[in-house]
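The values are calculated or read from the model by the stated rules, or taken from the named source; none is laboratory data. These numbers were taken from a predicted model, which means no experiment stands behind them. Cβ sites come from the backbone with ideal geometry, for glycine too, and all protein chains shown count toward neighbours.
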Amino acid sequence: MSDTKSYSPINPPQRYLFGPGPTQVDSRVYQAMTKPIVGHLDPYFFQVLGDVRQTLRTVFGTKNEFTLAISGTGSAGMETAVGNFVEPGAKIGIFANGFFCDRITEMCKRHEAEVVRLEKPWGEVFSDAEASEFIRREKPGVVIYVQAETSTGAFQDGTAICAAAHDAGAIVIADCVTSLGAMPVKIDATGIDVAYSCSQKGLSCPPGLSPFTVSPRAMDRLKSRKAPIREWYLDLRLLQDYYDGAHKYHHTAPISMFYALHQALANIMEEGVEQRWERHYAAHKEFVRRIEALGLPMHVAEEHRIWNLNTPRIPQGVNDTAVRKTLLEQDGIEILGGFGQLAGKVFRIGVMGPLATTDNLDFFFDRFSRALAIAGYKVPAGVAH
Ligand SMILES: *Cc1c(COP(=O)(O)O)cnc(C)c1O
């Protein structure tokens, strides 16, 4: 080894992850990842897994027996939902109001489904009447919506969607990637049949696992499915043989990631799930008060906002790339901008996990208003942060 320098330990810069994800990770979660691994068939691993599955039920708000974590990021969860519940030729109804609805649409098309979409501009949500009218008219076998659209900041309440879908004999898939762990997702109370999430957003864990839950109604669908499931790796019937009952080898579970998720969930339980939601709500309210005082209006109507991911509009004449560059280079703060329909129009600022506190908001707004000023924005006089 001639060049020893390139073999020195990696030394990442200090970052404050105020973006949509990955989000800030607690040091106890990093410590859990450094523990020695056991085998993927070791009884200790199944103990860890059992705890993870039980706590996931609590954060999901479900009694679903079939609740676990898929090995992969949120998109693997999305692909698991589509691969197992969308059959070739089936009619799928999608509520489309953002980037991730489009990703699901693409996956459904690859599975040769007949996709029908109800569309809305990015940042808006569907009313109860619009939802039920669409489902009654189209009669899809599977209905899909995104609960927390990370590309827009909008939260879709799914109660009317689920009620209309069940009346029509359909099951409902909901994307809960950003909401899980930061705000109530209420799987059972809403009537959601299949939901997936990720470890690196509302749960404050590194990326690598996708929490997943399936209702008894959807399990019946799965059992009666005739067409083979095309994704061998994400086949829930095979995964059930590994995770439940016989623990038959399927793939090697990412042990260290399960340690991390175990600790992240333990942190949540220690704080109290409802207390954690309330902390995120309080931080969101405080964020909105301060951002409006700065003169930046929120893009999404007040009653439809995601608590942990804010989308304030970028002021006229301000270059969002320049603001983000200043924040990252001078302060180590990451935020993201909008894309697609919202490119150049909004910032995407996550206030979640360990960062959802008044002290961290003080720090953020101090640096953010300075970065806006550097980018030529006239910060209103007398705005006290
Ligand atoms: C992040 C995200 C995904 C994709 O998750 P990855 O972990 O990036 O694969 C899917 N849906 C929504 C709403 C997301 O925010």
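Across the stretch 62-118, the qualifying residues are those that are under 20 Å from GLY191 (Cα atoms), among the aromatic types (Phe, Trp, Tyr) and surrounded by 21 or more Cβ atoms within 10 Å (Cβ to Cβ), and the one among them that is farthest from the ligand (Cβ to nearest atom) is PHE85. I'd like to check something: does the stretch 16-36 contain any residue that is farther than 30 Å from PHE364 by Cβ, in contact with a helix residue (DSSP H, G or I) (Cβ under 7 Å, 6 or more places away or on another chain), more than 15 Å from the ligand (Cβ to nearest atom) and assigned by TED's automatic domain parsing to the domain that holds THR178? Yes, the conditions are met somewhere in the stretch 16-36. For the stretch 165-179, the criterion of being without any contact (Cβ under 8 Å) to a residue 60 or more places away in the chain and within 11 Å of the ligand (Cβ to nearest atom) is satisfied by at least one residue. Looking at this structure, is ASN11 polar (S, T, N, Q) and away from the ligand (no atom under 16 Å from the Cβ)? For ASN11, the condition - polar (S, T, N, Q) and away from the ligand (no atom under 16 Å from the Cβ) - is met. Would you check which residues across the stretch 208-266 are in contact with a helix residue (DSSP H, G or I) (Cβ under 6 Å, 6 or more places away or on another chain) and within 16 Å of the ligand (Cβ to nearest atom) and list them? Within the stretch 208-266, GLY208, LEU209, SER210, PRO211, PHE212, THR213, GLU231, LEU234, ALA260, LEU261, ALA264 qualify.
For (1) in contact (Cβ under 8 Å) with a residue 12 or more places away in the chain; (2) out of contact with any strand residue (DSSP E or B) (no Cβ under 6 Å at 6 or more places or on another chain), each residue gets a yes or a no:
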{"residue": "ALA264", "(1), (2)": "yes, yes"}
{"residue": "ARG289", "(1), (2)": "no, yes"}
{"residue": "GLU303", "(1), (2)": "no, yes"}
{"residue": "LEU309", "(1), (2)": "yes, no"}
{"residue": "GLY350", "(1), (2)": "yes, no"}
{"residue": "PHE364", "(1), (2)": "yes, yes"}
{"residue": "ALA371", "(1), (2)": "yes, yes"}
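The set of residues in the stretch 133-146 being free of Cβ contacts under 8 Å to residues at least 40 places away in the same chain and closer than 21 Å to GLU79 by Cα is empty.
Filtering the stretch 198-206 for residues that are over 27 Å from TYR30 (Cα atoms) and within 18 Å of the chain's Cα centre (by Cα) leaves an empty set. I'd like the residue in the stretch 182-207 that is among the polar types (S, T, N, Q) and part of a loop (DSSP other than H, G, I, E, B) and, out of all such residues, is farthest from the ligand (Cβ to nearest atom). Out of the qualifying residues, it is SER204.
Just one of (1) touching a Leu at 6+ places or on another chain (Cβ under 7 Å); (2) of a type in the set (Ser, Thr, Tyr); (3) over 21 Å from ARG57 (Cβ atoms) fails for TYR243. It is (3). The residue list LEU209, LEU234 contains one member that is more than 30 Å from GLY123 (Cα to Cα) and under 21 Å from the mean Cα position of the chain (by Cα), which is LEU234.
Can you tell me which residue within the stretch 226-261, out of those that are within 25 Å of VAL25 (Cα to Cα) and among the aromatic types (Phe, Trp, Tyr), is surrounded by the most Cβ atoms within 10 Å (Cβ to Cβ)? Taking the candidates together, the pick is PHE258.
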